[in-house]
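Undergrad: So that we are looking at the same thing, I have put the structure below in structure tokens.
The values are calculated or read from the model by the stated rules, or taken from the named source; none is laboratory data. Only a predicted model underlies this, so the values are computations on that prediction, with no experimental measurement involved. Positions of Cβ are backbone-derived with ideal geometry, glycine not excepted, and every protein chain shown enters the neighbour counts. Note: areas computed on protein heavy atoms with side chains; ligands, DNA, RNA excluded. Shrake-Rupley method; radii C 1.70, N 1.55, O 1.52, S 1.80 Å.
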Amino acid sequence: MTQPLPLEGVRILSVEQYGAGPFGSLYLADMGAEVVKIEAPGSGDSSRASGPHFLGEGDSHFFQTFNRNKRSLTLDLKKPEGQAALRRLLPGFDAVLNNLRGDIPDKLGLTYDALGPVKPEIVCAHLSAYGRTGPRAAWPGYDYLMQAEAGWFHLTGDPEGPPARMGLSIVDYMTGVVAALGLVSALLGAARTGKGRDMDVSLYDVAMHQLSYPATWYLNEGDVTGRRPRSGHPSVVPCETLPTKDGWIFVMCVLPKFWEALAVALGAPDLPTDPRFATPRARFDNRDALMEIFDPLARRKTTAEWMAEFGGRVPAAPVLTLDQALENPFFRDRGGVRAVDHPMRPDFGMVASPIRVGEAEAPSRPAPALGADTDAVLSEAGFGADEIAALRAAGAV
């Protein structure tokens, strides 16, 4: 008998838009939670209009990326009727998630102070740019701004080049995942105690937290980590990009046995006994001399040839372009791409969830049309047809 998905039966209202919040709730929806997106009537999530690729009016590839397996409820929380509807819906849900500007949840009544009296077990999860308190609570904020202020730009790229951001909006994505973890943790606490809570994460805090061990080095030793040539590791050599006959390969010889195996594979078995490279510190100090030896040796074979030789012995990865990464047979064979039956594209391709949940079948529904589930969600909460019509006449849904 196939197990149910881990979050089957969990219901989440999410006042979400664009990237970070929807990315976090995507993980929850993929694991079986019922995620109901609350969207503004008429316009909806701004990512519905994010190009350059569209799937008809009010839908885009961008929107589909972050919103599969969800439902859409249009509800104007700025109207009294919308607020009343939210409170009537609340008993049927376990959590309310938002990724609004830090000062907005209080204004829209999305905090535990506002919703706890309606349902004491409710979890109110907040994802903002700079938090809900302090001098920046009302500031708008975006991923690249966090990368800049958290020092990531100065940790990325070639030492001789200008500061650079990472190629993806990774702070958005990580903050979404952290919010999902916080929400699920708070749900577990509420199940044990019968009382919910507010749970806060911010893009800024997550970006700073990801400084990890370089932050510890600085806070305790004053050591300021900088960029290394060829995206090298800040303290381990060889742990960097090597040129091949037709491209690049990244090797990561964190352990002595891997460094020795690399030297043998490249045809320089005596290097590990050379005093310049005999210890981790010596290799770090003499990195340029080591690369002068390694580069011509690495250029003798193609990336694929080196991968065939290194595989399982030397930790290595080919440096691929985006299209090569997505067409990688290893990725495809692992079921990395899922086809979603979208009304406009029956075989709409998407990257599968990285969380594998045993024998349970991962859901695979396209992101909903704006307001597609409004009547159904309201009806499930006990709203009659006349009440729904009145909400619609008031512009609240």
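Undergrad: So, in nm, how far is label residue 49 from label residue 230 when the simple model puts each one 7 Å beyond its Cα toward the Cβ?
TA: 4.8 nm
Undergrad: Follow-up. Would you mind computing Rg(Cα) / (2.2 N^0.38 Å) for segment 150-298, counting N as its residues?
TA: On the way: Rg = 20.8 Å, N = 149, 2.2 N^0.38 = 14.7 Å.
For segment 150-298, the normalised Cα radius of gyration is 1.41.
Undergrad: Round to a whole angstrom and tell me the spacing of the C-alpha centers of segment 159-235 and segment 326-397.
TA: Computed from Cα coordinates, the inter-centre distance equals 29 Å.
Undergrad: From a point 7 Å beyond the Cα of residue 213 in the direction of its Cβ, which residues of segment 128-170 have a backbone N at a distance under 13 Å?
TA: none
Undergrad: Of the listed peptides 257-269, 315-327, 287-299, what is their order by residue-averaged count of other C-beta atoms within 10 Å, with the highest listed first?
TA: 257-269, 287-299, 315-327
Undergrad: Quick one: angle between helix 212-221 and the longest Cα principal axis of the chain, in degrees between 0 and 90, rounded to 10, please.
TA: For helix 212-221, the angle is close to 70 degrees.
Undergrad: Provide the per residue accessible area, probe 1.4 Å, for segment 315-356, rounded to a whole number of square angstrom. Please list the in-between numbers first.
TA: On the way: 3020 Å² over 42 residues.
Value for segment 315-356: 72 Å² per residue.
Undergrad: Using a Förster distance of 25 angstrom, determine the FRET efficiency expected from the C-beta separation of residue 359 and residue 325, and round it to 0.05. Don't skip to the answer; put the middle values down first.
TA: Working: r = 28 Å, r/R0 = 1.12.
E(calc), rounded to 0.05, equals 0.35.
Undergrad: Kindly flag which residue pairs out of 78/107; 37/70; 70/107 have an alpha-carbon separation exceeding 18 Å in this structure.
TA: Working: 78/107 9 Å; 37/70 7 Å; 70/107 25 Å.
Pairs exceeding the cut-off: 70/107.
Undergrad: How are the C-alpha pair distances of segment 248-318 spread across 10 Å bins, as whole percents from the shortest bin up?
TA: Taking all Cα pairs of segment 248-318, the binned fractions are 20, 58, 21, 0 percent.
Undergrad: Also, I was wondering about something else. Please report, to two decimal places, log10 I(q)/I(0) for segment 292-397 at q = 0.21 Å⁻¹ as given by the Debye formula with identical point scatterers on the Cα atoms and no solvent.
TA: Per q value, in the given order, log10 I(q)/I(0) is -1.13.
Undergrad: Taking a ≥ b ≥ c as the square roots of the eigenvalues of the Cα gyration tensor of segment 318-371, is the shape rounded (a/c under 1.5), prolate (a/b larger than b/c) or oblate? Write out the running numbers ahead of the final one.
TA: Details: a/c = 2.57, a/b = 1.43, b/c = 1.79.
Because a/c hits 1.5 or more and a/b fails to exceed b/c, segment 318-371 counts as oblate.
Undergrad: Could you tell me the ratio Rg/Rh of the chain? Both radii from Cα atoms, Rh via Kirkwood.
TA: 1.05
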